[in-house]
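> Before I ask anything, let me first share the structure, which is written out below as structure tokens.
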Amino acid sequence: MEIRTTTITLATRGFNDIRDLTPHLTQRVREGSVLVFVGGATAGVTTIEFESGVVSDLKQAIERLAPHDIPYAHDARWGDGNGFAHVRAALVHADLEIPVAEGRLLLGTWQQVVLCDFDNRPRERQVICQLRGTFARPEDA
Amino acid sequence: MEIRTTTITLATRGFNDIRDLTPHLTQRVREGSVLVFVGGATAGVTTIEFESGVVSDLKQAIERLAPHDIPYAHDARWGDGNGFAHVRAALVHADLEIPVAEGRLLLGTWQQVVLCDFDNRPRERQVICQLRGTFARPEDA
Amino acid sequence: MEIRTTTITLATRGFNDIRDLTPHLTQRVREGSVLVFVGGATAGVTTIEFESGVVSDLKQAIERLAPHDIPYAHDARWGDGNGFAHVRAALVHADLEIPVAEGRLLLGTWQQVVLCDFDNRPRERQVICQLRGTFARPEDA
């Protein structure tokens, strides 16, 4: 068992910017898992079929969950204007773990890992990608 | 530390079919955790008290979250008719991890692990159950 | 790789009592992760910026998600009066995993780990905190 912690850096636009992380998840683990975690209180991680229809549908559902145009106590107190982003992030969760076996992420055929940036401005996001398990070759550990 | 990746196969009916996975989670880990993950973009995993009242209440909440009878861009584009299922799955999450100690899943007394199949048709679901930790007997590793 | 399973005990008030767990998460792991899990079907764990504005905003979003004043089948069947709490817990999730590297939880600057107690009465909550990875000093393992 080895652990390797890496960081994916992504420039995002905010306002429900949903981005496919799957190509960034290195797959050198033979058996184990990958933990994906976004540090920050205005973004989340989940899985979807990453096609423009579902992306659009998920954005609308998130807007229903925490509308951008209702009052937020966070904004009243701090003037950040991103109260909706905080609520959305809490409900979507910052963490996701995907099992790996035989060197393959055990995602479904049409299932991708996505970062959802809910903030109200562009951000440079650091997404943690922690590989845990046995590695294919010693030099990958 | 050992890792063992197994698959639970379940025939589901879709349309918010909520199924108790707890009896399927083998408990041979002594200390560690069990990662439950559903491969596929139209199902999710969480915990509930698995009794018919809560099952019915959760179905209704999920219907409010992503109603079946509103337009979905996924359906307009692909004609699948399961746009609601994609959104529900993204919000419920595909992964759940349960700690184990002294050979016991550390669930509450009234807390079960459930698969929620949101798709609009029966499916044969593959749920990944990855055991990680120390095992009770060497032959269980 | 070592695993250490500990329990945080917290007296909570219920009714969306949101409590900062971050100070309780011991940080003796050098590289690995911390799994936070609440045993019980009426509480959840997530991350937020723990300030009174966001806490209030999240409570309101959770109230929209599963209002306290609509009928629940769980209550009709069992008379517990906490049907809303069961639904909220299922949607927020009982588990959260935070990566650790160089002895530090990889949370964002303004991101805390919180317990959300949704029940309709005060509780003494047991929150599992499982440390996994390499430890800073042998005696911490």
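> Condition first: buried (at least 24 other Cβ atoms within 10 Å of the Cβ), of a type outside the set (D, E) and either more than 17 Å from the chain's Cα centre (by Cα) or in a helix (DSSP H, G or I) (or both). Can you find one or more residues in segment A:99-119 that meet it?
Looking through segment A:99-119, at least one residue is buried (at least 24 other Cβ atoms within 10 Å of the Cβ), of a type outside the set (D, E) and either more than 17 Å from the chain's Cα centre (by Cα) or in a helix (DSSP H, G or I) (or both).
> Just checking, how many residues over segment A:9-33 are assigned to a strand (DSSP E or B) and either polar (S, T, N, Q) or more than 18 Å from C:E97 (Cα to Cα) (or both)? Let's see the steps before the verdict.
As a first pass, look at segment A:9-33 and keep what is assigned to a strand (DSSP E or B): A:9-12, A:17-20, A:29-33.
Checking the rest, the ones that are also either polar (S, T, N, Q) or more than 18 Å from C:E97 (Cα to Cα) (or both) come to A:9-12, A:17-20, A:29-31, A:33.
The total comes to 12.
> Against the condition away from chain C (no Cβ under 12 Å), farther than 21 Å from B:P71 by Cα and of a type in the set (A, V, I, L, M), how does A:V87 come out, does it pass?
Values: away from chain C (no Cβ under 12 Å): no; farther than 21 Å from B:P71 by Cα: yes; of a type in the set (A, V, I, L, M): yes.
Here the answer is no, as A:V87 does not meet what is asked.
> B:V92 fails exactly one of the following numbered conditions: (1) more than 22 Å from C:V127 (Cα to Cα); (2) crowded, with 22+ Cβ neighbours inside 10 Å; (3) facing another protein chain (nearest Cβ under 8 Å). What is the number of that condition?
(1)
> Answer with yes or no whether C:L131 is more than 9 Å from chain B (Cβ to nearest Cβ), in contact with a Lys or Arg (Cβ under 9 Å, 6 or more places away or on another chain) and not in a loop (DSSP other than H, G, I, E, B). First the steps, then the outcome.
Values: more than 9 Å from chain B (Cβ to nearest Cβ): yes; in contact with a Lys or Arg (Cβ under 9 Å, 6 or more places away or on another chain): yes; not in a loop (DSSP other than H, G, I, E, B): yes.
Here the answer is yes, as C:L131 does meet what is asked.
> Name the residues in segment A:115-141 that are over 17 Å from A:M1 (Cα atoms) and touching a Phe, Trp or Tyr at 6+ places or on another chain (Cβ under 6 Å), would you? Walk me through how you get there before you give the answer.
Filtering segment A:115-141 down to residues over 17 Å from A:M1 (Cα atoms) leaves A:115-128.
Listed by number, the list holds a single entry, A:I128.
> Kindly indicate whether any position in segment A:99-118 is among the basic types (K, R) and touching a residue at least 40 places away in the same chain (Cβ under 8 Å).
Within segment A:99-118, the subset among the basic types (K, R) is A:104.
Then drop every residue that is not touching a residue at least 40 places away in the same chain (Cβ under 8 Å), which leaves A:104.
Yes, segment A:99-118 contains at least one residue that is among the basic types (K, R) and touching a residue at least 40 places away in the same chain (Cβ under 8 Å).
> Looking only at segment A:39-54, which residues are surrounded by 22 or more Cβ atoms within 10 Å (Cβ to Cβ) and either out of contact with any strand residue (DSSP E or B) (no Cβ under 9 Å at 6 or more places or on another chain) or more than 8 Å from chain B (Cβ to nearest Cβ) (or both)?
Keep residues of segment A:39-54 that are surrounded by 22 or more Cβ atoms within 10 Å (Cβ to Cβ), which gives A:40-49, A:54.
The answer is A:G40, A:A41, A:T42, A:A43, A:G44, A:V45.
> Give the residue, chosen from B:V87, B:V54, B:V36, B:V45, that is more than 29 Å from A:A101 (Cβ to Cβ) and either in a strand (DSSP E or B) or modelled with pLDDT of 95 or more (or both). If you could, list the steps in order and put the result at the bottom.
Working: B:V87 fails: more than 29 Å from A:A101 (Cβ to Cβ); B:V36 fails: more than 29 Å from A:A101 (Cβ to Cβ); B:V45 fails: more than 29 Å from A:A101 (Cβ to Cβ).
Step by step, each of B:V87, B:V54, B:V36, B:V45 is checked, and only B:V54 is more than 29 Å from A:A101 (Cβ to Cβ) and either in a strand (DSSP E or B) or modelled with pLDDT of 95 or more (or both).
> While we're looking at this one, here's another question. Only one of (1) within 17 Å of the chain's Cα centre (by Cα); (2) surrounded by fewer than 19 Cβ atoms within 10 Å (Cβ to Cβ); (3) modelled with pLDDT under 95 is not met by C:T7, so which one is it?
With (1) within 17 Å of the chain's Cα centre (by Cα); (2) surrounded by fewer than 19 Cβ atoms within 10 Å (Cβ to Cβ); (3) modelled with pLDDT under 95 applied to C:T7, the lone miss is (3).
The values are calculated or read from the model by the stated rules, or taken from the named source; none is laboratory data. Small disclaimer: the values here were computed from a predicted structure and weren't measured. Here Cβ is always computed from backbone atoms with ideal geometry, including for glycine, and neighbour counts include all displayed protein chains.
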